[in-house]
Amino acid sequence: MSFGVLLMHLVKLVIKRAAKCLGTALKESDSYVQVPALWALGKLGSSISVDSLIESLKNPDWYVRWSAADALGKIGDNRALEPLILLKDDDDDYVRRAGKEAIEKIRANNSNNTV
């Protein structure tokens with residue numbers, strides 16, 4: 001096994017473990033814990049945590065919902081499309097906008113992958 005392949009496997013393992021740990025932080029009741037975890041999950045770009053992020057779209061705190069929508073847009077997983085579409089009726093304008101932008105990113109990512 002080449003060094004590059006070994007390194008790639010190691011990076012995937014680290015991302016997977018980090019995503020699981022950050023997913024645990026989403027279960028905390030404090031938005032000051034949840035929001036940084038959501039940002040980090042978006043940066044990781046791993047689809048491992050998509051289900052937890054989708055669940056965060058239902059959080060009563062607008063900032064958590066906004067952060068979850070933003071992270072889902074960065075990850076680009078199709079499973080998030082339907083829950084993001086539901087944000088069009090959200091009470092908060094920032095959340096509605098983040099949902100719309102996330103949908104656009106996911107759809108653009110899909111069209112780039114089919115070309």
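The values are calculated or read from the model by the stated rules, or taken from the named source; none is laboratory data. Bear in mind the structure is a predicted one, so any value in this text is a computation, not a measurement. FYI the Cβ positions are ideal-geometry reconstructions off the backbone, even for glycines, and counts take in every protein chain you see.
Flag: Ile85 matches the condition of being of a type in the set (A, V, I, L, M), more than 24 Å from Glu28 (Cα to Cα) and touching a helix residue (DSSP H, G or I) at 6+ places or on another chain (Cβ under 9 Å). The C-beta contact set for the stretch 1-26 (first residue among the β-branched types (Val, Ile, Thr), second residue in a helix (DSSP H, G or I) and at pLDDT 85 or above, distance under 9 angstrom, 6+ apart or interchain) comprises Ile15/Leu44; Ile15/Ile48; Thr24/Ala37; Thr24/Ser52. Pairing residues of the stretch 57-76 that are of a type in the set (Val, Ile, Thr) and buried (at least 18 other Cβ atoms within 10 Å of the Cβ) with residues that are assigned to a loop (DSSP other than H, G, I, E, B) and modelled with pLDDT of 95 or more, at Cβ distances under 9 Å and at least 6 apart in sequence or on separate chains, gives Val64/Leu57. Evaluated against (1) under 13 Å from the mean Cα position of the chain (by Cα); (2) of a type outside the set (Phe, Trp, Tyr); (3) buried (at least 21 other Cβ atoms within 10 Å of the Cβ), Leu87 falls short on exactly one condition, (1).
A quick yes/no check of all residues on (1) modelled with pLDDT under 90; (2) closer than 25 Å to Lys58 by Cβ; (3) part of a helix (DSSP H, G or I); (4) out of contact with any Pro (no Cβ under 7 Å at 6 or more places or on another chain):
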{"residue": "Met1", "(1), (2), (3), (4)": "yes, no, no, yes"}
{"residue": "Leu7", "(1), (2), (3), (4)": "yes, no, yes, yes"}
{"residue": "Lys12", "(1), (2), (3), (4)": "yes, no, yes, yes"}
{"residue": "Lys27", "(1), (2), (3), (4)": "no, yes, no, yes"}
{"residue": "Pro36", "(1), (2), (3), (4)": "no, yes, yes, yes"}
{"residue": "Leu41", "(1), (2), (3), (4)": "no, yes, yes, yes"}
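Kindly list the number of the only condition in (1) outside any helix (DSSP H, G or I); (2) modelled with pLDDT of 95 or more; (3) in contact with a helix residue (DSSP H, G or I) (Cβ under 9 Å, 6 or more places away or on another chain) that fails for Asp70. For Asp70, the exception is condition (1). So, in the stretch 95-115, exactly how many residues are surrounded by 14 or more Cβ atoms within 10 Å (Cβ to Cβ) and of a type outside the set (Lys, Arg)? Summing the residues that are surrounded by 14 or more Cβ atoms within 10 Å (Cβ to Cβ) and of a type outside the set (Lys, Arg) in the stretch 95-115 gives 8. No other residue among Ile54, Ile48 is free of Cβ contacts under 8 Å to residues at least 60 places away in the same chain, out of contact with any Pro (no Cβ under 6 Å at 6 or more places or on another chain) and surrounded by 11 or more Cβ atoms within 10 Å (Cβ to Cβ) apart from Ile48.
Applying the set (1) more than 25 Å from Leu13 (Cβ to Cβ); (2) touching a Ser or Thr at 6+ places or on another chain (Cβ under 6 Å) to Leu41 leaves exactly one unmet item: (1).
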